[in-house]
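Asks: Sending over a structure as structure tokens; questions will come in a sec.
Please treat every number below as a calculation from the coordinates, not as lab data. Every value quoted in this text rests on a predicted model; they were computed, and no experiment measured them. A quick note on method: Cβ atoms are made from the backbone with ideal geometry, for glycine too, and the neighbour counts reach across all protein chains shown.
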Amino acid sequence: MNNYFIILAAGKGRRFSQNKPKQYFNYKGKLLIEHSIDKALQSKLFKKIIVVISKKNKKLQVKYKKKQIKFLFGGKERKDSSLKAIKAIKKLKPTNILIHDAARPNFSIKMLKNLIKHLKDNVAVIPYIKSKDSVKYKVGNKYLNLKRKDVNLTQTPQAFIFKNLYNLAIKQKEDITDEASLFINNNQNIKFILGEQKNIKITYFEDLKTTKNFFGIGFDIHRLIKNKKLYLGGIKIPFHSGLKGHSDGDVILHAIIDSILGAIRKKDIGTYFPNVKKFKNIKSTKMLKPILKNLVKSNFYINNLDINLICENPKVSKYRYRIIKSISKLTNLDKDLINLKGKTVEKLGLIGKEKAIACEVIISISKYD
Ligand code: ZN
């Protein structure tokens, strides 16, 4: 194992348009740059990891203060930083060298292993993906159509036999954006292997945004009384009693409403539907509607609903399908994303004596970009 890993993180990110370089922004719970360092460490494939940064970052340097990691300051352009690192490790006599842009945090350890494996029979191994977009190439004032199937988009990490790379790198004159270009400019053979779709390059600030999930919890309980119809999940259920309340007492819909309000941090059902005359005998489906409208208007969507209906009777199994179908229709959520569990209470208390029904709900929601 005579492998070395160079991580280039000295870039200023001109397309990023923020006041600090993107590698020092948070991405999925840690700094962008840390994803590459951590994965290289975890892989246990490298004798040394060289991290090229633009200026002192004390926090980072303290966090990764170990023999295996060396921090270097980069040059003016990417190629200068890369050359600096290549020169710096020459004395260590590396066999294989992998060069990686810190702006790609999503490569896999499997990819690292695959690259190194291919170095047994090749001097340069480059991961690529096919272009999904049509490509136009500008020559002078004219545009040429490039055949999409012939367009390879190259990624990093890229792997090289060190001495081959070194010999090309010290003679390089052109401005290159990756080391594969160096091999192409010098008519050297490259082994292209399939890269990873998820291994995107974080280029714009928007790329850093990941989907945010929120959870909400809802609970409700109503007494059962004679001479009232029972509504659960928006449908009428034949039963000896109905749920007492200012509304139709639909505990499932009330708990769903509170779970939504919880997830979007908008207080509780009583805030929107106080016990006033206006809402006397209101149908719970009518209460749910404006709450859902608000959810959609704020750019949220529901991921899933999990419902516990707590009662001795009626038996949930008998009405499960109909209740889920009704909730699906009301919320516009796929039936597969709604779960309804029936829970009895061993005949204990009011619920056990069929004098009340309770319900609890957990909801997960996400925000559209
Ligand atoms: Zn209620």
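Asks: Work out, step by step, the length gained on full extension between Lys277 and Gln188: first 0.36 nm times the residue separation, then minus their alpha carbon distance; give nm to one decimal. Don't jump to the answer; show the numbers that get you there.
Replies: On the way: separation 89, 0.36 × 89 = 32.04 nm, distance 8.29 nm.
That pair, Lys277 and Gln188, stretches by 23.7 nm at full extension.
Asks: I would also like to ask the following. Given N residues in segment 212-367, what is Rg(Cα) / (2.2 N^0.38 Å)? Don't skip to the answer; put the middle values down first.
Replies: On the way: Rg = 14.8 Å, N = 156, 2.2 N^0.38 = 15.0 Å.
In units of the globular-protein estimate, segment 212-367 measures up at 0.99.
Asks: In nm, to one decimal, how far is the modelled label at Phe73 from the one at Gln42, with both set 7 Å along Cα→Cβ?
Replies: According to this spin-label approximation, the distance is 3.2 nm.
Asks: If R₀ is 22 angstrom, what is the calculated FRET efficiency for the pair Lys56 and Tyr204, using the beta carbon separation as r and rounding to 0.05? Intermediate results must be reported in sequence, preceding the final value.
Replies: On the way: r = 26 Å, r/R0 = 1.20.
E(calc), rounded to 0.05, equals 0.25.
Asks: What order do you get for Arg265, Arg104 when you list them from fewest to most C-beta neighbours inside 10 Å? Working shown, then result.
Replies: Working: Arg265 8, Arg104 20.
In order of increasing Cβ crowding within 10 Å: Arg265, Arg104.
Asks: I need the phi-derived Karplus couplings for segment 299-311: 6.51 cos²θ - 1.76 cosθ + 1.60, θ = phi - 60°, integer Hz, Gly and Pro marked x.
Replies: For segment 299-311, the Karplus-derived couplings read 6, 9, 9, 7, 8, 6, 10, 10, 10, 10, 9, 10, 6 Hz, x marking Gly and Pro.
Asks: Which entries of Lys84/Lys117; Lys63/Lys120; Lys30/Lys56; Lys267/Lys353; Lys91/Lys198 show an alpha-carbon separation above 29 angstrom in the structure shown? Intermediate values should be presented prior to the final figure.
Replies: Details: Lys84/Lys117 26 Å; Lys63/Lys120 34 Å; Lys30/Lys56 18 Å; Lys267/Lys353 32 Å; Lys91/Lys198 35 Å.
Cα-Cα > 29 Å for Lys63/Lys120; Lys267/Lys353; Lys91/Lys198; rest within.
Asks: Could you go through segment 30-42 in sequence order and give the Karplus-derived ³J(HN,Hα) for each residue, using 6.51 cos²θ - 1.76 cosθ + 1.60 with θ = phi - 60°, rounded to whole Hz, and x for Gly and Pro?
Replies: These are the phi-based 3J(HN,Hα) values: 8, 4, 3, 5, 5, 4, 5, 5, 4, 5, 5, 5, 4 Hz.
Asks: Kindly state, as a whole number, the per residue volume in cubic angstrom of the convex hull around the alpha carbon atoms of segment 167-274. Provide the component values of the computation, followed by the final result.
Replies: Working: hull volume 19.3 nm³, N = 108.
Per-residue hull volume (Cα only) is 179 Å³.
Asks: Could you calculate the contour length gain from Gln172 to Tyr321, that is, 0.36 nm times the residue separation minus the distance between their Cα atoms, to one decimal place in nm? Spell out each step's value before the answer.
Replies: Values: separation 149, 0.36 × 149 = 53.64 nm, distance 6.87 nm.
That pair, Gln172 and Tyr321, stretches by 46.8 nm at full extension.
Asks: Can I ask one more? Fewest to most neighbouring Cβ within 10 Å: what's the order for Tyr368, Tyr128?
Replies: Details: Tyr368 9, Tyr128 17.
Neighbour counts put them in this order, fewest first: Tyr368, Tyr128.
Asks: Any idea what angle helix 284-297 forms with the longest principal axis of the chain, computed on alpha-carbon atoms, 0 to 90 degrees, nearest 10?
Replies: 20 degrees
Asks: Please get the size of the charge dipole for segment 212-367, origin at its Cα centre, with Cβ charges of +1 on Lys and Arg and -1 on Asp and Glu, quoted in debye to the nearest 20. Intermediate values should be presented prior to the final figure.
Replies: Numbers: 31 positive and 12 negative charges, 127 e Å.
The calculation lands at about 620 debye.
Asks: Let me ask something else about it. Using only the Cα atoms, what convex hull volume per residue in Å³ does segment 115-202 have?
Replies: Residue-normalised Cα hull volume stands at 131 Å³.
Asks: Restricting to Cα pairs below 8 Å that are 6+ residues apart, what does the relative contact order work out to for segment 242-366? Please round to a whole percent. Before the final figure, lay out the partial values.
Replies: Working: 178 pairs, mean separation 42.9, N = 125.
Over segment 242-366, the number comes to 34 percent.
Asks: Where q = 0.06 Å⁻¹, what log10 of I(q)/I(0) comes from the Debye formula for the chain, counting one point per Cα?
Replies: Values, matching the q order: -0.42.
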